[in-house]
Amino acid sequence: METKRLYRSKSNRVIAGVCGGIGEYLGIDPVIVRILAIVIPGFGWLAYLICALVMPSQ
């Protein structure tokens, strides 16, 4: 069984690659993650900034 790890994406990057990395991890299109990040209240810029600082780059 292969272990998946969550990384910031280098190929699907708009700002820091957080949404691209989450999309690759979940196996869905990163555009869907970006839309959800904008639509769902509470995700916000603070959560994105924290993820960009904490998630390692691929």
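What the table below lists for this structure:
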read-out	value
Pair list, Cβ < 9 Å and 6+ apart or interchain, from the range 1-14 residues that are part of a loop (DSSP other than H, G, I, E, B) to residues that are of a type in the set (Phe, Trp, Tyr) and open to solvent by 90 Å² or more (accessible area, probe 1.4 Å)	none
Per-region count, the range 45-57, residues out of contact with any helix residue (DSSP H, G or I) (no Cβ under 8 Å at 6 or more places or on another chain) and either open to solvent by 40 Å² or more (accessible area, probe 1.4 Å) or closer than 10 Å to CYS19 by Cα (or both)	8
Pairs where the first residue, in the range 18-42, is part of a helix (DSSP H, G or I) and the second is of a type in the set (Phe, Trp, Tyr) and open to solvent by 40 Å² or more (accessible area, probe 1.4 Å), C-beta under 7 Å, 6+ apart	GLY21/TYR7; ALA37/PHE43
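The values are calculated or read from the model by the stated rules, or taken from the named source; none is laboratory data. Owing to the predicted nature of the structure, the values given are computational and were not obtained by experimental measurement. Positions of Cβ are backbone-derived with ideal geometry, glycine not excepted, and every protein chain shown enters the neighbour counts. Note: accessible area is taken over every heavy atom of the protein model, side chains too, but ligands, DNA and RNA are not part of it. Shrake-Rupley method; radii C 1.70, N 1.55, O 1.52, S 1.80 Å.
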